[in-house]
1. Sort the stretch 68-276 into rounded, prolate or oblate with this rule: let a ≥ b ≥ c be the square roots of the eigenvalues of the Cα gyration tensor; rounded if a/c is under 1.5, and if a/c is not under 1.5, prolate when a/b is larger than b/c, oblate otherwise.
2. Cross-chain or 8 or more residues apart, Cα under 16 Å: how many lysine pairs in the chain fit that? Count them up, please.
3. When the helices in the chain are scored as -39500 (n - 2.57) per DSSP H run of 4 or longer and the sum is shared across all residues, what 222 nm value do you end up with, to the nearest 500 deg cm²/dmol?
4. In a Gaussian network model over the chain where Cα atoms closer than 10 Å are linked, find which of VAL151, VAL322, VAL365 has the largest mean-square fluctuation.
5. Let's see if you can work this out: charge +1 on each Lys and Arg Cβ, -1 on each Asp and Glu Cβ, no other charges. What is the dipole magnitude of the chain about its Cα centre, in debye to the nearest 20?
6. Name the residue from ALA100, PRO78, ILE199 whose Cα lies farthest towards the positive end of the charge dipole of the stretch 68-276, charges +1 on Cβ of Lys and Arg and -1 on Cβ of Asp and Glu.
7. Quick one: order LYS110, LYS295 from most to least accessible surface, probe 1.4 Å.
8. When all protein chains stay in place, what accessible area (Å², nearest 10, 1.4 Å probe) is found for MET54?
Amino acid sequence: MKPTGPIPPWFAGDGPLTIAGSAAEDWAAEHGTPLFVYDFAIVADRVATLRAAMPDAVEIHYAIKANPHPPLLAAIAPLVGGLDVASAGELDKALVVKPAAHISFAGPGKRDRELEAAIRAGATINLESDGEATRALAIADRIGITPKLAVRVNPSFELKGSGMKMGGRPSPFGIDAPRVPALVRRLIDAGADWRGFHIFAGSQALDTAAIIETQAATARLARELADSAGAVPPLVNLGGGLGVPYFNGDTPVDVAAVGAALGEVLEPGWAYAIELGRWLVAESGVYLTRVVDRKESGGEIFLVVDGGLNHQLAATGNFGTVVRRNYPVAHARRGEATETVSIVGPLCTPLDRLADRIAFPRADVDDVVAIFLAGAYGPTASPSGFLGHPAAAEVLVSGDV
Ligand SMILES: Cc1ncc(COP(=O)(O)O)c(C=O)c1O
């Protein structure tokens, strides 16, 4: 038997699982399965918790790649200072809910048409290379618009303990720190509206001390780069990387401690942002999927459900994890665990395993299974076209927290 991760506190308990005050089984019956249910009250609670923890000089930005479901975007947009997008497609979605002045666009390989769309809209482009800077300046010149350009820095350090490291090594992301001051001068001299720095060192970190240390190093680096460039950045985006507890033994980040420590290292009068995806939305989501078949093989029980890695790749251990471990999972009616089961999706690949040999209550055909931590990197990070199954439904609801 293998352990599962901790059920988020909003969904803990013994009775039948409820989401936003209604039974998970009722949501499944109303909308069909597979289904992602996002409880916006939990998202709002996360934003408020972070806002209370962070110094006033630090804006909270939402990286919409984590969950760009349009109703969720519309609801979160007024609560955060900015939205970060990673493509022209995401830019279009963000522009529906937020003025361009509060949208930034990061990511390598921006095509000319994407740069042009961002410049025309008035969004900030986080430049990932000198070549991208040259193209952005040329496009801005051609269409006669002053571009808003920030410089994404590839720092010489990484976010220790993070699931995905994005610094401290040769990288497609950002410009190596020693080259940044010269680029800043070049942008300013070319007449661009230089918007500051974007420094993103990693993602999914749970080690509070490591996050504090990285944020201090990031703030220091921004100061050094600004000194060398001889210009004060209008905004320093410190990145993010706050993780959520997915697996057995994981514990939450102490955001109050992170905020207090950050307050000690900020430059007075400067404006900062942190940019988070999963920390704001992951815990709000539950993926509901129905048992289609119950079978035994080699003495093991398999519950074959109607959803799998085509919707929720991360829960199968195939998105950014080295060792496959179990997400938190529950029978929608809960009850005592009486047997050991594996929960697998309908795809014809051994990768499609949502839970591996877990203790579980008896579940039969048509019963509903809930997989937690489904609010981030679900449909948006899963190969929905693989094997031609229908897309999962998504619904935004709101309960009391
Ligand atoms: C530039 C950038 N911003 C934000 C994020 C969001 O990270 P997370 O969802 O872990 O907060 C990522 C993730 O890879 C990223 O690359």
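The values are calculated or read from the model by the stated rules, or taken from the named source; none is laboratory data. All figures in this text were calculated on a predicted structure; none of them were measured in a lab. Note that we place each Cβ from the backbone using ideal geometry, even for glycine, and neighbour counts take in every protein chain shown. Each accessible area value is taken on the protein alone, full model and side chains, heavy atoms only, with ligands, DNA and RNA left out. Shrake-Rupley method; radii C 1.70, N 1.55, O 1.52, S 1.80 Å.
1. Numbers: a/c = 1.79, a/b = 1.29, b/c = 1.38.
Taking the square roots of the gyration eigenvalues as a ≥ b ≥ c, the stretch 68-276 is oblate.
2. On the way: LYS65/LYS93; LYS65/LYS98; LYS65/LYS110; LYS110/LYS148.
Step by step, the pairs that qualify in the chain add up to 4.
3. On the way: 10 runs with 110 residues, N = 401.
Counting only the DSSP helices, I get -8500 deg cm²/dmol.
4. Residue with maximal mean-square fluctuation among VAL151, VAL322, VAL365: VAL322.
5. Values: 34 positive and 45 negative charges, 196 e Å.
Charge dipole, the chain, about its Cα centre: 940 debye, nearest 20.
6. ALA100
7. Working: LYS110 5, LYS295 100 Å².
Ranking LYS110, LYS295 by accessible area, largest first, yields LYS295, LYS110.
8. Roughly 10 Å² of MET54 is accessible to a 1.4 Å probe.
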